[in-house]
Each structure stands twice: as structure tokens, then as C-alpha cells.
1. Can you tell me how many residues in the range 74-91 are under 17 Å from Arg13 (Cβ atoms) and out of contact with any strand residue (DSSP E or B) (no Cβ under 6 Å at 6 or more places or on another chain)?
2. Answer with yes or no whether Glu100 is closer than 17 Å to Ile6 by Cα and either at pLDDT below 95 or part of a strand (DSSP E or B) (or both).
3. Just checking, which of Thr34, Thr54 is under 17 Å from Met102 (Cα atoms), among the β-branched types (Val, Ile, Thr) and touching a strand residue (DSSP E or B) at 6+ places or on another chain (Cβ under 8 Å)?
4. So which residues in the range 1-25 are free of Cβ contacts under 8 Å to residues at least 24 places away in the same chain and under 16 Å from the mean Cα position of the chain (by Cα)?
5. Considering every residue within the range 67-81, establish whether at least one is over 13 Å from the mean Cα position of the chain (by Cα) and either closer than 19 Å to Asp106 by Cβ or exposed (fewer than 11 other Cβ atoms within 10 Å of the Cβ) (or both).
6. So, in the range 35-75, how many residues would count as being within 30 Å of Lys18 (Cα to Cα), small (Gly, Ala, Ser) and not in a strand (DSSP E or B)?
7. Out of Lys94, Lys108, I need the residue that is of a type outside the set (Phe, Trp, Tyr), at pLDDT below 90 and either within 23 Å of Asp14 (Cβ to Cβ) or not in a strand (DSSP E or B) (or both). Which one?
8. Among the residues of the range 55-76, is there at least one that is of a type in the set (S, T, N, Q) and without any contact (Cβ under 8 Å) to a residue 24 or more places away in the chain?
Amino acid sequence: MFNKVIIVGNLTRDIELKYAPSGTAIGSTGIASTRKFKGGDGQMKEEVLFVDITAFGRTAEVMNQYLRKGSKLLVEGRLKLDSWTDQNGGKRSKHSVTIENMTMLDSKGDNPGGGGGNYNQAPSSAPQQQAAPQQQQQAYQAPSNDVPSIDINDDEIPF
């Protein structure tokens, strides 16, 4: 079976970051995607889709660090059906997306969180990737023209 969803939109709220007893980060938020189209009467119409999204591990931490309400984001993930019983005993359900990959789409000046970047969620059963060899880490040098200095470890950069 194949279950893949790709959505581009803006975050509807700041990331709510929690930690599971195992120490795994869990980030929850929502994304709104707008579709503009011409209706049968010739008038332009707009349809907005709101979807809850969830990220785990380092992806959740990166989202919490760099993204805020209104940030533009592309998420790839799998569709999931959440079911529960409400306070009145009624059965409720909704679809949500569990993020596997994300790309931050805001340009550097658009959002206090920083520029665009791509971040892939490693499968939870896969071992953590080893840090890049020292030779590769030293090869990159940031441009020196008007780029502010950020106190961040190279291992924390999502792209």
C-alpha cells in the first residue's frame, strides 16, 4: 500500500512541543492550504483546507526553533485517522498528517525563524545518522556579506 500526502501552506498556529516519556520530541500544529479556482458562474472562488500535522524527533525540534504561525511550509507525510470518544460519549474522528519530510519555504527576510530549508524525518526504527566527516564540515564557509552571526552548532542546522 502507498500512503503519501504533500501539502504546501501556512502554519495556523505556533508549534506545540511536548516530549514523550522516552524523550522523543512531538511537535503539533496545523497547516492551511488555499486553492483558488473559477466557479461555474465564472466568479473566482477560494477554498481553504485546514489539516493538523505532527512531527517527531529532531524534525519537531527544528520546527519549533525555526517556524511560527504564518510560516510557509511544504510537508510530505502519511495520512492518519485519529479517533476518540468526546465528553458526551460520542465517537469522533479526524484525519491528520504525520510529517516525514518538510521544506521551509519562507525567504530569509520573511520570517523571524530564518530562511528556507529542507529537513527529512528519519524513520524511527533507523539508527541515527553519523555526523559528517570533519573534512566535509570544514569545506563549507558562510558568505561574509551582511550575514548575521548565529550561535548554533553545525549539527543543529536542518539543511
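1. The qualifying residues number 0.
2. yes
3. Thr54
4. Result: Glu16, Lys18.
5. Yes: the range 67-81 contains one or more residues that are over 13 Å from the mean Cα position of the chain (by Cα) and either closer than 19 Å to Asp106 by Cβ or exposed (fewer than 11 other Cβ atoms within 10 Å of the Cβ) (or both).
6. 4
7. Exactly one of Lys94, Lys108 is of a type outside the set (Phe, Trp, Tyr), at pLDDT below 90 and either within 23 Å of Asp14 (Cβ to Cβ) or not in a strand (DSSP E or B) (or both), namely Lys108.
8. Checked against the condition, which is being of a type in the set (S, T, N, Q) and without any contact (Cβ under 8 Å) to a residue 24 or more places away in the chain, the range 55-76 yields no hits at all.
The values are calculated or read from the model by the stated rules, or taken from the named source; none is laboratory data. Predicted model only: the values in this text are computed from it and were never measured. Don't worry about glycine lacking a Cβ; one is built from the backbone with ideal geometry, like all the others, and counts go over all protein chains shown.
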